[in-house]
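Undergrad: Quick one: the structure is below, and I'll ask about it shortly.
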């Protein structure tokens, strides 16, 4: 299936490792030039070099802090200077699992605010920065990476993922008339370079009885970024292999 992505340009935040790296690889393999950003230069540059050699596409590393509007603006400006366009934004930069996971008595409000600033407001900053370019093109894809802690109790930092659901639908409604879709993908426990044997064991309780690989999350994101998903917007997709035994309408 031709996904209509060849020659397009994307930004993937948190793209130096894990799910972000897998998404950048998948997009590049479909003919997309990709700007990847993270805060640590060495890991970012190593990933960009490896993915460029593997896929034959331009993969540009841009050191970025999504907690800074100025830094995000510099990321978008660098992408436009190098690639001439921004067609796809994948918002992925965050602390995996969140920083406030324990009981209320141990909850640190400053860490919670940092979680929200990075993942919720950071996603907003990036979307705000790319939207004018996408509106001029009359075409764009914004895909937010959430997490299933937004649908479970027991993890205070999970509220950031619940907030991203609202952000996604709000942006989808505002930007849809400009040819821009905005969607949300919820991974569960996902196999990355950080995964452990214990993670594999825990993940095997889902409906498909195995851990979902980061490349499988990347496949969902790449479809949502494609021309084939033009009628899909404002939705939250559970890509966890069925790890929550309830239905969400």
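Values quoted throughout were computed directly from the atomic coordinates according to the rules given, and no laboratory measurement underlies them. All values reported here derive from a predicted model rather than from experimental measurement. No Cβ is skipped: glycine too gets one built from the backbone with ideal geometry, and neighbour counts run over all protein chains shown.
Undergrad: Top mean-square fluctuation among 104, 80, 112, Gaussian network model of the chain, C-alpha springs under 10 Å?
TA: Per the Cα network of the chain with a 10 Å cutoff, 104 tops the list.
Undergrad: Right, here's the next one. Over all distinct Cα pairs, what is the inverse of the mean 1/r for the chain, reported as the Kirkwood hydrodynamic radius in Å? Write out the running numbers ahead of the final one.
TA: Numbers: mean 1/r = 0.0554 Å⁻¹.
Averaging 1/r across every pair of different Cα atoms and inverting gives 18.0 Å.
Undergrad: Could you put 180, 142 in order, starting from the residue whose Cβ has the fewest other Cβ atoms within 10 Å? It would help to have the intermediate numbers written out before the result.
TA: On the way: 180 24, 142 27.
Ascending Cβ contact count within 10 Å gives the list 180, 142.
Undergrad: So what is the 222 nm mean residue ellipticity for the chain from helices alone, if each DSSP H run of at least 4 adds -39500 (n - 2.57) and you divide by all residues, rounding to the nearest 500 deg cm²/dmol?
TA: On the way: 8 runs with 102 residues, N = 249.
Helix contribution divided over all residues of the chain: -13000 deg cm²/dmol.
Undergrad: Report, to two decimal places, the Cα Rg of the range 18-76 normalised by 2.2 N^0.38 Å (N = number of residues). Could you put the intermediate results ahead of the total?
TA: Values: Rg = 11.2 Å, N = 59, 2.2 N^0.38 = 10.4 Å.
For the range 18-76, the normalised Cα radius of gyration is 1.08.
Undergrad: Taking the Cα atoms of the range 125-214, what is the range of coordinates along each of the three principal axes, in descending order and whole Å?
TA: 47, 25, 22
Undergrad: Could I ask something else about it? Which of these, 68, 226, 153, has the largest mean-square fluctuation under a Gaussian network model of the chain (Cα springs below 10 Å)?
TA: Result: 153 has the largest fluctuation of those listed.
Undergrad: Compute the long axis of helix 214-225 from its Cα atoms, compare it with the longest principal axis of the Cα atoms of the chain, and write down the angle in degrees, 0 to 90, nearest 10.
TA: The angle comes out near 50 degrees.
Undergrad: Quick one: helix 122-137 against the long Cα principal axis of the chain, what's the angle to the nearest 10°, folded into 0 to 90?
TA: The helix 122-137 is inclined about 30 degrees to the chain.
Undergrad: Could you line up 60, 111 from fewest to most neighbouring Cβ atoms inside 10 Å? Numbers along the way, then the final one.
TA: Details: 60 21, 111 16.
Starting with the residue having the fewest Cβ neighbours, the order is 111, 60.
Undergrad: Who wins for biggest fluctuation among 140, 56, 31 in a Gaussian network model of the chain, springs between alpha carbons below 10 Å?
TA: 56
Undergrad: How far is the Cα center of the range 90-128 from the Cα center of the range 1-34, in Å?
TA: 24 Å
Undergrad: I would also like to ask the following. Which number comes out as Rg/Rh for the range 164-249 once both Rg and the Kirkwood Rh are worked out on C-alpha atoms? Write out the running numbers ahead of the final one.
TA: Details: Rg = 14.8 Å, Rh = 14.1 Å.
When Rh is taken as the Kirkwood radius, the ratio is 1.04.
Undergrad: Note down the Stokes-Einstein diffusion coefficient of the range 5-106 in µm²/s, whole number, using a Kirkwood radius over alpha carbon pairs, 20 °C, and 1.002 mPa s.
TA: Working: Rh = 13.8 Å.
Result for D is 155 µm²/s.
Undergrad: By how many degrees, 0 to 90 and rounded to 10, does the Cα axis of helix 18-29 deviate from the longest principal axis of the chain?
TA: Around 30 degrees separate the two axes.
Undergrad: Using a 10 Å cut-off around each Cβ, can you sort 114, 46 from fewest to most neighbouring Cβ atoms?
TA: On the way: 114 17, 46 14.
Ranked by crowding around the Cβ, least crowded first: 46, 114.
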